[in-house]
Amino acid sequence: MIATTSTVLAAAETGSVADATGVLSLTWLLIALPLAGAAILLLGGRRTDAFGHLLGTATVVLAFAIGLLQLIALLGRDSDDRAVGQELYTWISVGGFDVDVGFQLDQLSMCFVLLITFVGALIHIYSIGYMEHDPDRRRFFGYLNLFVAAMLLLVLADSYLVLYVGWEGVGLASYLLIGFWNQNSAYAAAAKKAFVANRVGDFGLSVAIMIMFAQFGGVSFDQVFGRADGASEGVLTAIGLMLLLAACGKSAQFPLQSWLGDAMAGPTPVSALIHAATMVTAGVYLIVRSHAIFDAAPDAQLVVVIVGAVTLVFGAIIGCAKDDIKKALAASTMSQIGYMMLAAGLGPVGYAFAIFHLLTHGFFKAGMFLGAGSVMHGTHDQIDMRRFGAISTVMKITWVTFAVGWLAIIGFPGLSGFWSKDAIIEAAFVGDGWRPWVFGLTALIGAGITAFYMTRLFAMTFHGRRRWTDDVHPHESPLIMTIPLMILAVGSAFLGLLLGPTGAITSWLEPVVGEHAEEDPVVAVPVLTSVTVLLVLAGAAFAWMTYARQAVPAVAPRGSVLTRAARQDLYQDTVNESLLMRPGQYLTRLLVYVDNRGIDGAVNGLAALIGGTSGRVRRLQTGFVRSYALSMFAGAAVLVGAMLLVRL
């Protein structure tokens, strides 16, 4: 039996947002610290090279310390009194439209604050070693600080408009970090692709904000959620679908997922911070934060579930065929966020579980991305898993910590992913009619596929025969890189146990996402758990027998039709080019033709006519009196002739 919600009460309805006092009034400092770090490092130039990496790391560590103190302060309050607000100044005041720059710290935003600052701080520390020999390390830390500040602004905003500023900020920082090594044209193109794909989603968020303003007369959370009951279902559905479009762009969900694989061109710490733990989960935050709208718009909610389920399967299939270790992890991220979106779309039964899986995923996926970076660091930036094998014999710490993350993500009993993913699978089986069977079975089968492709990745990298070339000498990374791996491994192992079975995460989020009741899935929970574990073991065993026990060829075999399609990301780029890019190009060419031959042609033709006529008339001005007299005579003769002709 799992917890679900029968009556939805938004935070704005269950409790008021109190003014922040004491340490809670330092919310602005959470954003100001990394923002100041970014300003100093990016404006200070080479003069900050010597200490830039230390300054960048210190700002995020201090932000985490403040967040931890704020958590303690919130724990000392009643559960319905934990939402606090802080207004800084009036940003826009035009007619009846007023927007203040303000922050809201509640149970939901606190989850993200701790995730962003804690995992972000570990990634900063790791980056000190990983980027040690990069001549632009100071600039890299400046971009990281800028990203952390924008991400914190996104989750702490108390209105959609301020959230939008953070939303765009993380998009900008992501573009800068993916293209950090932009001297490589392919990396620069990957950054541009991510930027453009995100803009499609941003269009959805901007339209949603416009509809909110037109409907509710404001865009703050309390205005929108408090007045949602008075809006028609059609308007709320439109807002929900536009918010979903925004989430698809930022969280790489179907059909806007094509940018995530190419985004692995950025330095590996970027992949861990942005493409595993924080920015790509912003879409999940947006859906859960906007639950008052989705709860009143069931059609939009159903589309969220469908998008999550499709992306879950889509990413899992792609992950099975990738030989690039980072792209395999990126496909896994896409699939796991599909789980989160599916849970968020289930409504009250899934909101807390979506955030639960988001938190555990942040730990084990960031740990595995950093582990992949450690392997690359020891193998001269090799990324092809067919060139690894037996890495466990030379990189013990990386192997052990990566193994914990691998076991966590496949849902090995007792580890973090087991608790959070199984909660989503059970929630997906709750309901009436066809939905629990379709969505539940999708989530269940996805668990088996996840076990297969993640075991394939682990076995090809760390086990089997060594396949690296003689000029590669794998070695363990320094402690400044492996200590963050160890800490993340501890979280990957025990965070789920701390938050799941104890009910801590559901009771913590209850004042924000609603009160809970009890509802049974259509299949008994012990049966679901047993089947899930059996599927996971089967998927892992099959992959282990194939990629650890048997020889892995250095060159990938041709494979089946599905394998070849998965290697090409299921032709998502081809589809996008056919449906979006090519029609756009043809439309542009048509408009250019019409402009050149139509509008410009008419204007230029009229100008040419007037100019040519004027030139011919100008030739009559010869300067000779006899010519003018002859002209007057000819004119008079024509006039007289015309008069005579009329009289006749």
All positions within region 142-189 that are crowded, with 21+ Cβ neighbours inside 10 Å, small (G, A, S), in a helix (DSSP H, G or I) and over 15 Å from the mean Cα position of the chain (by Cα): G142, A149
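Just give me the residues in region 511-537 being of a type outside the set (A, V, I, L, M), outside any loop (DSSP other than H, G, I, E, B), open to solvent by 40 Å² or more (accessible area, probe 1.4 Å) and in contact with a Leu (Cβ under 9 Å, 6 or more places away or on another chain), in sequence order.
none
If I go through region 197-216 residue by residue, how many of them are in contact (Cβ under 8 Å) with a residue 40 or more places away in the chain and open to solvent by 80 Å² or more (accessible area, probe 1.4 Å)?
Looking only at that region, the number is 2.
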Would you confirm, using the coordinates I've provided, whether G102 is touching a Ser or Thr at 6+ places or on another chain (Cβ under 8 Å) and farther than 22 Å from A366 by Cα? yes
Determine whether region 519-541 contains at least one residue that is modelled with pLDDT under 90 and touching a helix residue (DSSP H, G or I) at 6+ places or on another chain (Cβ under 9 Å). yes
Close pairs from region 236-255: first farther than 17 Å from G171 by Cβ, partner among the polar types (S, T, N, Q) and not in a helix (DSSP H, G or I), Cβ under 9 Å, at least 6 apart: I239/S290; G240/S290; L244/Q253
Flagged in region 84-114 as β-branched (V, I, T) and open to solvent by less than 10 Å² (accessible area, probe 1.4 Å), in numbering order, are V84, V99, V113
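Among the candidates A548, A540, single out the residue that is touching a Phe, Trp or Tyr at 6+ places or on another chain (Cβ under 9 Å), over 24 Å from F439 (Cα atoms), surrounded by 15 or more Cβ atoms within 10 Å (Cβ to Cβ) and not charged (D, E, K, R).
The unique qualifying residue is A548.
Condition first: β-branched (V, I, T) and under 19 Å from L75 (Cα atoms). Now tell me which residues in region 496-532 satisfy that.
Of everything in region 496-532, those that are β-branched (V, I, T) and under 19 Å from L75 (Cα atoms) turn out to be T502, I505, T506, V512, V513.
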Yes/no for F147 being touching a Phe, Trp or Tyr at 6+ places or on another chain (Cβ under 8 Å) and not small (G, A, S): no
What number of residues within region 425-457 are open to solvent by less than 30 Å² (accessible area, probe 1.4 Å), closer than 12 Å to G539 by Cβ and not charged (D, E, K, R)? 9
Please work out if L33 is assigned to a helix (DSSP H, G or I), open to solvent by 30 Å² or more (accessible area, probe 1.4 Å), touching a Ser or Thr at 6+ places or on another chain (Cβ under 7 Å) and not small (G, A, S). yes
The residue from I487, I480, I424 that alone is under 18 Å from G338 (Cβ atoms) and modelled with pLDDT of 95 or more is I424
Kindly evaluate G378 against the criterion of being farther than 20 Å from G240 by Cβ and in contact with a Pro (Cβ under 6 Å, 6 or more places away or on another chain). yes
Can we say W406 is modelled with pLDDT under 95, buried (at least 16 other Cβ atoms within 10 Å of the Cβ) and either within 19 Å of A548 (Cα to Cα) or in contact with a His (Cβ under 7 Å, 6 or more places away or on another chain) (or both)? no
Subset of region 82-140 (residues that are part of a loop (DSSP other than H, G, I, E, B) and over 25 Å from L499 (Cβ atoms)): G95, G96, M131, E132, H133, D134, P135, D136
Suppose we filter region 559-590 for residues that are closer than 27 Å to L312 by Cβ and not acidic (D, E); how many remain? 20
Selection from region 217-237 of residues that are part of a helix (DSSP H, G or I) and either open to solvent by less than 10 Å² (accessible area, probe 1.4 Å) or out of contact with any helix residue (DSSP H, G or I) (no Cβ under 6 Å at 6 or more places or on another chain) (or both): F221, V224, A228, D229, G230, E233, G234, L236
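Under the condition of being part of a helix (DSSP H, G or I) and among the polar types (S, T, N, Q), which residue from region 458-510 is most open to solvent (accessible area, probe 1.4 Å)?
Checked region 458-510; the qualifying residue most open to solvent (accessible area, probe 1.4 Å) is S507.
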Helices (runs of 4 or more DSSP H) contained in region 544-648 and holding at least 1 residues touching a residue at least 24 places away in the same chain (Cβ under 8 Å), of a type in the set (G, A, S) and under 22 Å from F452 (Cβ atoms): 561-567
So for region 71-79 (the condition being part of a helix (DSSP H, G or I) and under 22 Å from G169 (Cα atoms)), does at least one residue qualify? no
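Can you pull out every residue in region 619-642 that is open to solvent by less than 100 Å² (accessible area, probe 1.4 Å) and modelled with pLDDT under 85?
Matches in region 619-642: T622, G623, S627, Y628, A629, S631.
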Within region 115-141, take every residue that is open to solvent by 10 Å² or more (accessible area, probe 1.4 Å) and of a type in the set (V, I, T) and give me the one that is nearest to W181 (Cα to Cα). I128
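The values are calculated or read from the model by the stated rules, or taken from the named source; none is laboratory data. Here the structure is a predicted model, which is why all the values come from computation and not from measurement. Positions of Cβ are generated from backbone atoms using ideal geometry, with glycine treated the same way; all protein chains shown enter the neighbour counts. Please note that ligands, DNA and RNA were not included when accessible areas were found on the heavy atoms of the full protein model with its side chains. Shrake-Rupley method; radii C 1.70, N 1.55, O 1.52, S 1.80 Å.
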